[in-house]
1. Identify all residues within region 113-145 that are crowded, with 22+ Cβ neighbours inside 10 Å and among the aromatic types (Phe, Trp, Tyr); write none if there are none.
2. I need the full set of residues from region 46-75 which are under 17 Å from the mean Cα position of the chain (by Cα), open to solvent by 40 Å² or more (accessible area, probe 1.4 Å) and within 19 Å of PHE166 (Cα to Cα), in order please.
3. So in region 1-22, with the set limited to residues that are under 25 Å from the mean Cα position of the chain (by Cα) and open to solvent by less than 50 Å² (accessible area, probe 1.4 Å), which one is modelled with the lowest pLDDT?
4. Specify the residue that is nearest to LEU67 (Cα to Cα); the eligible residues are those in region 146-164 that are open to solvent by 20 Å² or more (accessible area, probe 1.4 Å) and without any contact (Cβ under 8 Å) to a residue 40 or more places away in the chain.
Amino acid sequence: MTGGELLLGQSMFQWLTMYGYWVLPILIILLGPIAGFTAGVFASLGVFNPFAVFAIWLVTTTTTDGLLYALGKFGRKILTRFKRSRHILYRIHKAEHSSEDNWVTIFRKHFIKIFFFIKISPTVTITDVLAVVSGVLNIKFKRLYIASFLGQIIWSGVFVSMGYYFGGAIQDIEFLVNTTGVVLFALFLLVFVYIRFIHQYLMGKMSIIVTSIRDLLSKTDVIENDPSSQ
C-alpha cells in the first residue's frame, strides 16, 4: 500500500488526514492495541500527529472504562437481562455476603494496583469486566480513573511508540538492520528479568484475584432466582 489508492475519490493518505482522527476512537474500541500500533505507523509517515494519537487513545479508553463503571453501578436492570452478566452478579453477591474474607475484600483494598496491573497486561476483555465489577461493588470512581489513566498512559505510549518506531525503521532498512539486534537483546533481557524476578511474586499476590476473575468469567449455569438478579 503506497497511500495513493483511492477511497471515495481521495487518496488513502488524504482520507486518513481528513477523517482519520474521527474514525480512530471507533477503531481503538474495536481493535485496541492493533489500531494504536497501526496509527503509530501512519504517524511515522506523516499522516497523524503521534501525540494526538496518544491523547485520543488515552481519552477514548478512560472514557470507555468510565461508561462501563456507570453500567455496573447504575445499570443493574440491564445486566440482569443477560445470562452471563447475571452469573457474574450472582457470584459477586455471594462473595459480598460471605462471612469469610475473599476476593472482594482484596479487590476493594488493592483495587488501584489490581486494575493498573490488568490494564497494562494483554487482557482487554478482563479489564472491561473489572470496570463493570468496580461499579457493582461501588468502588469510588476516582480510584478507577486513577488506575485506568496511569495504566493507559503506559499501554498507549508503548504501542504508539512501537508503531512510530517500526514505521520509521521500515523506511530506513539500514537503520532497521543495525538496531534489530539491540531491540531483540533488550526484549530478551526484559523477559528474563520478568520471569526470573517478577512473575512469581506477582502471581503470588494476584493468585486469589486471578482465580476469582476466572471463576466470574466461567460458563457455569446461573441460579436464576438468586437475590442479585432482583
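1. PHE115
2. Passing the criteria: only PHE54.
3. So, considering only residues that are under 25 Å from the mean Cα position of the chain (by Cα) and open to solvent by less than 50 Å² (accessible area, probe 1.4 Å), the one modelled with the lowest pLDDT is LEU16.
4. Within region 146-164, the match that is nearest to LEU67 (Cα to Cα) is ILE146.
Each row is one residue, and each column tells you yes or no for (1) among the small types (Gly, Ala, Ser); (2) assigned to a helix (DSSP H, G or I); (3) at pLDDT 85 or above; (4) more than 30 Å from TYR19 (Cβ to Cβ).
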site: PHE54; (1), (2), (3), (4): no, yes, yes, no
site: THR63; (1), (2), (3), (4): no, yes, yes, no
site: VAL104; (1), (2), (3), (4): no, yes, no, yes
site: ASN138; (1), (2), (3), (4): no, no, yes, yes
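The values are calculated or read from the model by the stated rules, or taken from the named source; none is laboratory data. As the structure is a prediction and not an experimental result, all values here were calculated from the model. Using ideal geometry, Cβ is built from the backbone for each residue, glycine included, and neighbour counts are taken over all protein chains shown. Calculation scope for accessible area: heavy atoms of the full protein, side chains included, ligands and nucleic acids excluded. Shrake-Rupley method; radii C 1.70, N 1.55, O 1.52, S 1.80 Å.
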